[in-house]
Amino acid sequence: MTVSVKPFDYQAVRAQFPILSREVHGKPLVYLDSAASAQKPRAVIEAMVRTMEHSYANVHRGLHTLANETTDAYEHARASVARFINAPSVDSIVFTKGATEAINLVASSFGLSLQAGDEIVLTELEHHANLVPWHFLRERKGVVLRFVPALDDGSLDMEAFHRLLGPRTKLVATTHVSNVTGTVAPVKEIAQAAHAVGALVLFDGAQGIVHAQVDVQDLGCDFYAFSGHKLYGPTAIGVLYGRPEALAALPPYQGGGEMIGTVALDAITYADPPHRFEAGTPPIIEAIGLGAAIDWLSTLDRSAILAHEHALYERTVSQLDGADWLKIIGEAPGKAAILAFTMDGAHAHDVAQVLDRYGVAVRAGTHCAEPLMRRFGCGSSARASFALYNTPEDADALVQALFKARSFFA
Ligand SMILES: Cc1ncc(COP(=O)(O)O)c(C=O)c1O
């Protein structure tokens, strides 16, 4: 990942997140669980409330003022997403419930064209969202799943990746950034190699959209999936980007209102993308909230944000240097600011609970990545993830709480 060293006014940005001024157990909140779900700036909260208070109606269906205003706001959000990831067309942005639904959409629709023996290449780093939908195809259609191994530092074994590709490979679906190891996958290399054997490429961008600057045309992917709630937007909204030709070739995913051309009792035609994939009333307020998050983020210097997050990660890790009771999972070069670890003699859940007593919020468990946990020989781990609103004091509070937890469990 290329990051600049421009200063980033994290205090000014942090002040825009109302929740960050609260306390937990009498201590200032140190929120280090943003890889699970990020907090929301006032711009997002206010955009959602404003819509509900001022111009709420269902979209695309009305001829009255409120319906038109809400439709404009909803479609403005789509345009913001398209600009943010440099999509070639606004119509290549499908709103979904989240990254999970976006991947399920591709698995369900594209999966219809697959036959027994066709192959899908995944990696050992995947979140269950990018594993289980493909297991459905293995169970239901006899599709063969092949896995790129993870190396000890969390990076992908790219020699193995190239060996796995072949004439039966129909799809390569990998994470862009791992939610556990923070590994940034060599996505351009993956896309080029997959296309060379005629396969389509999907990137799970749930973390990538936050921890990298995404240009889907430059990446060369056919599909890119992400969620709003990790990108400082609301829950229940996500995006499937589809390259226009790839999206146009997909049959519908769900049936219902708004996704059709015409319906008769004995025949049906479908709308063009993106509406073909947005059956029923969409998550209107949530899409507008995501648009607000992206408009807000777009006013900030993304490379300065990434440098800031990276500096916090480095500050934490350097203070833990020599702490041989703590094992970091994933130290690939250029990794994102996600710190998963195990502590000798303590279960990850217990570590997280002790940290919580000091106001430090981290995640613990399998992080919905059981194969990855197995690969690194642990049933679970704790994970601290840094976001644009975290401070050097947050990093120091984490380190202090970890030393206290260590003395508790030792
Ligand atoms: C890498 C990765 N993929 C997919 C997901 C699923 O995202 P969601 O639950 O928002 O659909 C997550 C969530 O943690 C993730 O980190």
> When the chain is fully extended, how far beyond the present Cα-Cα distance does residue 217 get from residue 301, taking 0.36 nm per residue of separation?
Replying inline: 28.2 nm
>> Suppose R0 equals 30 Å. What FRET efficiency, 1/(1 + (r/R0)^6) with r the Cβ-Cβ distance, do residue 128 and residue 347 give to the nearest 0.05?
In response: 0.90
> Along the charge dipole of the stretch 319-367, which of 346, 365, 329 sits closest to the positive end, that is, farthest toward it, with unit charges on the beta carbon of Lys, Arg, Asp and Glu (+1, +1, -1, -1)?
Replying inline: 365
>> I need to check one value: relative contact order of the stretch 336-410, counting alpha carbon pairs closer than 8 Å and at least 6 residues apart, in percent.
In response: 40
> So who's got an amide H within less than 5 Å of the one on residue 329, skipping anything under 5 residues away but keeping other chains? H placed 1.01 Å off N, in plane.
Replying inline: 340, 341, 342
> Hey, what did the chain get for relative contact order, percent, Cα under 8 Å, at least 6 apart?
Replying inline: 24
>> As a test, work out the antiparallel percent of DSSP beta bridges whose residues both lie in the chain, rounded to the nearest 5.
In response: 60
>> Between residue 86 and residue 196, what's the calculated FRET efficiency when r is the beta-carbon distance and R0 is 30 Å? Round to 0.05.
In response: 0.85
>> Please list, in order along the stretch 402-410, the HN-Hα scalar couplings obtained from phi with the Karplus expression 6.51 cos²θ - 1.76 cosθ + 1.60 (θ = phi - 60°), rounded to whole Hz, x for Gly and Pro.
In response: 5, 5, 5, 4, 4, 5, 5, 8, 5
> Between residue 201 and residues 5 or more places away or on another chain, which pairs have amide H atoms under 5 Å apart, with H built 1.01 Å from N, and which residues are they?
Replying inline: 172, 222, 223
>> Modelling each spin label as a point 7 Å along the Cα-to-Cβ direction, I'd like the residue 144/residue 260 distance in nm, to one decimal.
In response: 4.2
> Of the peptides 199-205, 363-369, 107-113, how do they stack up when ordered by the mean number of other Cβ atoms within 10 Å, highest first?
Replying inline: 199-205, 363-369, 107-113
>> Run the simple label-point estimate for residue 55 and residue 153 please: 7 Å along Cα→C-beta, distance reported in nm.
In response: 5.1
>> What distance in nm lies between label points placed 7 Å from Cα along the C-beta direction at residue 271 and residue 331?
In response: 5.1
> Looking only at the stretch 122-144, which residues have a backbone nitrogen under 15 Å from a spot 7 Å from the Cα of residue 116 in the C-beta direction?
Replying inline: 137-144
> Between residue 163 and residue 136, 0.36 nm times their residue separation minus their Cα-Cα distance comes to what?
Replying inline: 7.3 nm
> HN-Hα J couplings of the stretch 261-266 from phi, Karplus 6.51/-1.76/1.60, θ = phi - 60°, integer Hz, Gly and Pro as x?
Replying inline: x, 9, 10, 10, 5, 10
> Listing 42, 243 from the residue with the fewest other Cβ atoms within 10 Å to the one with the most, what is the order?
Replying inline: 42, 243
> Angle between the Cα long axis of helix 187-196 and the longest principal axis of the chain, 0 to 90 degrees, nearest 10?
Replying inline: 40
> With springs only between Cα atoms under 10 Å, which of 126, 370, 46 fluctuates most in a Gaussian network model of the chain?
Replying inline: 46
> Picking from 284, 305, 19, which is most flexible by a Gaussian network model of the chain using Cα springs under 10 Å?
Replying inline: 19
> Which whole-number percentage describes the relative contact order of the stretch 120-204, with Cα contacts under 8 Å and a sequence gap of 6 or more?
Replying inline: 33
> Full extension from residue 15 to residue 321: what is 0.36 nm times the residue separation minus their Cα-Cα distance, to one decimal in nm?
Replying inline: 107.0 nm
>> Apply the a/c threshold of 1.5 to the C-alpha gyration tensor of the chain and tell me whether it is rounded, prolate or oblate.
In response: oblate
> Leaving out same-chain residues fewer than 8 places away, which lysines sit with a Cα under 23 Å from that of residue 40?
Replying inline: 27, 97, 230
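Only the coordinates and a few stated rules stand behind these numbers; no lab work does. In this text, all values refer to a predicted model and were calculated from it rather than measured experimentally. Neighbour counts run over all protein chains shown; Cβ positions are idealised from the backbone, glycine included.
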